[in-house]
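First up is the structure itself, then whatever we jot down about it.
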Amino acid sequence: MLLRKRLKNLQMSKKLKKTNTFKLDPFGATNLHYLNNSNYFINIQHGAIRSAKTTASIVRWLKFIKEHPFTDFLMTGNTQTSLYRNVLRPMMTLMDSLGISYDWRKNEYLEIEGNICWLMGFSHEGIANRVPGVTLGGWYADEINTYPKILVDLALDRLSEEGSQAFWTLNPTNPYHYIYKEYIENEEKKAVGDVKVWHYTIDDNPSLSEEYKARLRRRYPPGTVDHKRKIEGLAAVAEGVIYSKFVEELNTFDPKDPKYENIHYNQYALSTDYGSSTVHVVGLFGTIFNKKGNEYHLLDEYYYDATDPENNGIQLDDEELYKNASEKLLDSSFLLSKWWTPHDAASLRTTLKKKTYMSRPIPVDSYTPDVNNDIQEIQKLFANYKFKISKNCVNSIVHAQTYAWDQKAKQRGEDQPLKSQNNDHCPDMWRAAILGSRQVKKSIVPGVG
């Protein structure tokens with residue numbers, strides 16, 4: 001009864017008496033409303049950084065565990081490490097201050113006065129077979145927008161106890177993310193009481209000084225995507241970004257995830273963006289044939305920028321590009337169906353035609369882009385999760401989120417990608433491997449189709 005009274009006081013008041021080990025700052029109006037009204041099946045806190053979402057969620061979670069008769073609960077983060085850093089460490093400090101007994105077994109479970117919270121990282125789909133098969137009374141999810149959809153569905157299915165609830169937190173991300181579409185913006189689920197949403201801005205944390213908030217606003221000025229996300233707490237994509245349907249959490253994959261380690265690809269191809277003086281990019285693609293639409297995985301990339309200080313302005317010739325790219329991307333474990341080159345890279349094709357791979361001539365082909373149509377096709381693939389990029393391909397992931405329309409050209413009524421920001425090289429490289437096979441074209445290497 002004493003513990004329940006303490007937690008009730010935390011819920012209803014703005015301040016907890018200071019202890020030697022934990023200082024609970026005053027709650028703002030949004031958090032007070034959350035603490036007193038988060039009685040829905042799915043309770044979602046989303047919004048700005050440093051808005052005190054996590055502190056309130058921890059207090060609410062402890063109260064929920066104590067007040068309900070369930071004995072099995074689930075706590076998840078993107079990884080076990082992030083769960084500990086963001087949630088478990090401050091939570092255990094709070095419990096120490098309140099005199100709540102607990103037993104923490106790293107990467108396994110946290111027992112709180114007889115209640116077991118199973119601890120898991122939810123970063124990739126390979127985790128699915130490790131989700132506890134028990135019926136769960138509650139689920140606390142930190143950074144819910146970093147989870148694959150299959151794991152969210154699986155965890156929700158485990159909440160079959162009468163009165164079971166889920167408590168989710170997230171910072172803003174791409175508005176096309178499924179968490180927004182299926183939960184935060186789903187008016188039907190909110191209307192029937194399945195989902196309740198609390199939105200936070202930087203002003204929802206009364207403990208932040210005006211000086212700190214002013215500094216953040218200077219760092220992230222109005223009109224920028226960071227201002228919308230980090231200050232206003234809104235899901236946003238940068239203005240003018242071409243691949244607005246690209247969502248990093250959904251359109252990338254971890255090659256170490258068991259789901260992706262043993263995939264059988266029907267076809268492998270290399271694709272090139274070729275800069276005669278500065279940037280060269282070569283990507284290795286694996287294609288999975290499917291009557292409902294092929295799936296394309298960018299497995300690895302070779303990226304060379306002569307302007308990078310580490311490269312001292314040294315430009316690569318065609319032989320060096322071939323050598324560097326083939327050493328990184330080709331390992332004789334698969335047949336190569338094509339090495340795609342830009343239509344205007346004649347000297348590179350001349351070099352490649354002299355080379356062999358696995359005792360066969362390299363099958364060289366060229367691709368002539370249809371820029372706007374190509375962009376539309378790749379946008380569809382991102383939207384349907386048919387084009388995914390390995391997390392090892394850091395340049396492609398950055399370019400997917402920064403490749404932008406030329407605003408000056410737009411004022412002239414033209415749709416034209418911006419070419420001056422050095423973020424078009426990877427998108428240019430993707431096109432041939434994905435769309436080149438759709439061209440009816442004779443291979444440059446005789447007998448290789």
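Where a number appears in this text, it was derived from the coordinates with a stated rule and is not lab data. Bear in mind that the values here come from a model prediction, so they are computed numbers and not experimental data. So basically every Cβ, Gly included, is an ideal-geometry build from the backbone, and we count neighbours across all protein chains shown.
For this structure, a couple of remarks:
- Estimated D of the range 2-231 in µm² per second, where Rh is the Kirkwood radius over Cα pairs and Stokes-Einstein applies at 4 °C, 1.567 mPa s: 71
- Taking the longest Cα principal axis of the chain as reference, the axis of helix 318-329 is set at about 40 degrees.
- Net dipole in debye of the chain [+1 Lys, Arg Cβ; -1 Asp, Glu Cβ; about Cα centre; nearest 20]: 1060
- The relative contact order of the chain, computed from alpha carbon pairs under 8 Å that lie at least 6 residues apart in sequence, is 14 percent.
- Ranked by the mean number of other Cβ atoms within 10 Å of their residues, highest first, the peptides 283-290, 152-159 come out as 283-290, 152-159.
- Acute angle (nearest 10 degrees) that the helix 425-435 long axis makes with the longest principal axis of the chain, alpha-carbon atoms: 70
- Cross-link pairs exceeding 24 Å in C-alpha to C-alpha distance, out of K328/K391; K259/K386; K181/K408; K323/K388; K63/K230; K259/K391, comprise K181/K408; K323/K388; K63/K230.
- Counting DSSP beta bridges with both ends in the chain, the antiparallel % (nearest 5): 45
- Applying the Karplus relation 6.51 cos²θ - 1.76 cosθ + 1.60 with θ = phi - 60° to the range 25-38 yields 3J(HN,Hα) values of 6, x, 8, x, 4, 5, 5, 4, 5, 4, 4, 8, 10, 7 Hz, where x marks Gly and Pro.
- Peptides 326-338, 66-78 ranked from most to least packed, by the mean per-residue count of other Cβ atoms within 10 Å: 66-78, 326-338.
- DSSP-assigned coil residues among trypsin sites (Lys or Arg not before Pro) in the range 376-420, each with at most 13 further Cβ atoms within 10 Å: R412, K419
- Beta bridges by DSSP in the range 2-231, antiparallel share as percent, to the nearest 5: 25
- Of the options (1) -0.29, -0.40; (2) -0.25, -0.34; (3) -0.34, -0.45, only one is log10 I(q)/I(0) by the Debye sum over Cα atoms at q = 0.06, 0.07 Å⁻¹ as computed from these coordinates, and that is (3).
- Nearest-ten-degree value, helix 2-12 long axis tilted from longest Cα axis of the chain: 60
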